[in-house]
């Protein structure tokens, strides 16, 4: 391993241990109590942050809009966005994420798919079993092998449970939902994933969304997914239309030029939202602006308004659609996952632009 990579690994391991210690201190606090206290990691801008075991979007539905892309720009996240991009036909995938640890999460996902049966893959992400890790380790790139190997050795023999609890702290989805929203996990698709991954070129970039311009240069893509990044950028108590407009301007001026003809950018994924609910929300907000429920700790008198969807999350969504109102935004209802705040939980919504 090169000296530069050794320095990267050392820094990443030190900050990972700090992150795991921080998360371990919250492990003993009941999740319901955390919500009452207003504990929230969602809006964190840390370079080192907790990892998701699974994506939280219905990719089976919205990846169909990409129409067999060959080149793909994807968020890193849990690695499932990248896996589904490869499954859909992409052979050149550029991966970006502001969380440096997502680089290792993506590598782990692709190595696990390459090395394990589907049943073993699901078992691994449930337990992080050391024997299963040993089976997939040979397909990790050198930097990722050293990263994950160090963590397993550092916490031996309790490594699997410590990694599961403190490095992947977020809520786990039911197996049935994971299978339902990830087409790469279909039996017929999974059989071909090993060869597809080996034939693909995956490049990682440690950067946030608004820093992407410096790495895009003369690159172009058939497909770009922004997942629910917008929600991280306009979240919490400081929801503002100018943030939605900044996001829109970046997509239009900095990303669309890098789409190939007939390419698609998935602008944002909205939980439990629709064009109908936007109209409904706008009316509620106009009539009761002081009743808007912010993210974080909630009082009992706020609960009824939360249940109807009068929340800062939905205000942020409404502002996003307003910002793109003249841009031929297209709407695709998807299966509902479970993270929205609305009186109608029928669907989530993927919004996208075609070039």
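Annotations
- Here the condition is being within 20 Å of the chain's Cα centre (by Cα) and not in a helix (DSSP H, G or I); of 269, 210, 247, 230, it holds for 269 alone.
- Some residue of region 302-315 being in contact with a helix residue (DSSP H, G or I) (Cβ under 9 Å, 6 or more places away or on another chain), within 29 Å of residue 183 (Cα to Cα) and touching a residue at least 60 places away in the same chain (Cβ under 8 Å): yes
- Region 63-109: number of residues that are modelled with pLDDT of 95 or more, more than 13 Å from the chain's Cα centre (by Cα) and under 18 Å from residue 163 (Cβ atoms): 4
- Tabulated pairs, region 56-73, first in contact (Cβ under 8 Å) with a residue 24 or more places away in the chain, second in a helix (DSSP H, G or I) and surrounded by fewer than 23 Cβ atoms within 10 Å (Cβ to Cβ), C-beta under 6 angstrom, 6+ apart or interchain: 60/183
- Considering region 5-25, and only residues there that are exposed (fewer than 15 other Cβ atoms within 10 Å of the Cβ) and within 16 Å of residue 164 (Cβ to Cβ), the residue that is modelled with the lowest pLDDT turns out to be 24.
- Of the listed requirements (1) within 22 Å of the chain's Cα centre (by Cα); (2) farther than 30 Å from residue 4 by Cβ; (3) in contact (Cβ under 8 Å) with a residue 24 or more places away in the chain; (4) surrounded by fewer than 14 Cβ atoms within 10 Å (Cβ to Cβ), residue 177 misses just one: (4).
- For region 316-329, a residue qualifies if it is surrounded by fewer than 16 Cβ atoms within 10 Å (Cβ to Cβ) and touching a helix residue (DSSP H, G or I) at 6+ places or on another chain (Cβ under 8 Å), and the qualifying residues are 322, 327.
- Test: residue in region 265-284 that is touching a strand residue (DSSP E or B) at 6+ places or on another chain (Cβ under 8 Å), surrounded by fewer than 18 Cβ atoms within 10 Å (Cβ to Cβ) and under 20 Å from residue 344 (Cα atoms): yes
- Exactly one residue among 293, 267 is under 20 Å from residue 64 (Cα atoms) and in contact with a helix residue (DSSP H, G or I) (Cβ under 7 Å, 6 or more places away or on another chain), and that residue is 267.
- Any chance residue 2 is at pLDDT below 90, exposed (fewer than 15 other Cβ atoms within 10 Å of the Cβ) and more than 26 Å from residue 216 (Cβ to Cβ): no
- Residues satisfying the criterion are absent from region 180-187 (criterion: farther than 30 Å from residue 151 by Cα, at pLDDT 95 or above and part of a strand (DSSP E or B)).
- Residue count for region 287-310 satisfying the condition of being part of a helix (DSSP H, G or I) and loosely packed, with under 10 Cβ neighbours inside 10 Å: 4.
- Taking first residues from region 131-159 that are touching a residue at least 24 places away in the same chain (Cβ under 8 Å) and on the phi > 0 side of the Ramachandran plot and partners that are crowded, with 19+ Cβ neighbours inside 10 Å and not in a loop (DSSP other than H, G, I, E, B), no Cβ contact under 7 Å between residues at least 6 apart in sequence or on separate chains turns up.
- Total residues in region 228-264 satisfying the condition of being within 14 Å of residue 324 (Cβ to Cβ), in contact with a helix residue (DSSP H, G or I) (Cβ under 7 Å, 6 or more places away or on another chain) and either surrounded by fewer than 18 Cβ atoms within 10 Å (Cβ to Cβ) or at pLDDT 95 or above (or both): the figure is 8.
Okay, residues lined up against (1) in a helix (DSSP H, G or I); (2) over 24 Å from residue 23 (Cβ atoms):
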{"site": "132", "(1), (2)": "yes, no"}
{"site": "135", "(1), (2)": "yes, yes"}
{"site": "161", "(1), (2)": "yes, no"}
{"site": "170", "(1), (2)": "no, no"}
{"site": "196", "(1), (2)": "yes, yes"}
{"site": "205", "(1), (2)": "no, yes"}
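The values are calculated or read from the model by the stated rules, or taken from the named source; none is laboratory data. Here the structure is a predicted model, which is why all the values come from computation and not from measurement. Positions of Cβ are generated from backbone atoms using ideal geometry, with glycine treated the same way; all protein chains shown enter the neighbour counts.
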